[in-house]
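Note sheet for the following structure.
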Amino acid sequence: MRAQIVQMQEAARDRSAAGVLAGIDPDFAGPHGLDREGMARLLRLQFLQHGSVGVRLGPLDVEMFDDRARVGFTAVLTGGSGRFVPDTGRVYNVRTAWRLEGRDWRVISAEWD
């Protein structure tokens, strides 16, 4: 699961919506009725608005339950024109739920504030 999180983080930095979505389950549920397609639109919008995207994660708080897991962390997201100093930045408290599908972990739900 940690490897999947790192891959998704790198995909966000590379502005790859497909790379981030590779770790998101088709049945994903997010805040305010956000589904996987809504997440795809949200990612694409952010990537269009910002020439560069930064993602830094705090320590992962992982709870395992057989083929399920909960992972909480803080995320610092930055966006900018691609210059040295980001134009925007925000810290989020993120809570996610994961399901093991074969050998791959997928995010099935997420909340952030």
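The values are calculated or read from the model by the stated rules, or taken from the named source; none is laboratory data. None of these values were measured; they are calculated from a predicted model. Accessible surface is based on the protein model in full, side chains and every heavy atom, while ligands, DNA and RNA are left aside. Shrake-Rupley method; radii C 1.70, N 1.55, O 1.52, S 1.80 Å.
Overview of results
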| quantity | calculated |
| --- | --- |
| Dimensionless Rg/Rh of the chain - Kirkwood Rh, Rg from C-alpha atoms | 0.96 |
| Calculated P(r) of the stretch 48-112 - Cα pairs past 13 Å, % | 68 |
| Residue-level accessible surface for residue 36, protein heavy atoms, 1.4 Å, Å² | 70 |
| Backbone HN-Hα couplings from phi across the stretch 19-31 [Karplus 6.51/-1.76/1.60, Hz, Gly and Pro as x] | x, 5, 5, 4, x, 10, 5, x, 8, 3, 10, x, x |
| Helix axis angle, 36-49 relative to the chain longest principal axis, alpha carbon, degrees | 20 |
| Helix-only [θ]222 nm of the chain, DSSP H runs n ≥ 4, -39500 (n - 2.57) each, per residue, nearest 500 | -8000 deg cm²/dmol |
| Karplus (6.51, -1.76, 1.60) ³J(HN,Hα), θ = phi - 60°, over the stretch 57-74, in Hz, Gly and Pro reported as x | 10, x, x, 8, 9, 9, 10, 9, 9, 6, 9, 10, 7, 10, 9, x, 6, 9 |
| The chain - percent of accessible surface contributed by carbon and sulfur, probe 1.4 Å | 51 |
| Average accessible surface area per residue within the chain, 1.4 Å rolling probe, Å² | 63 |
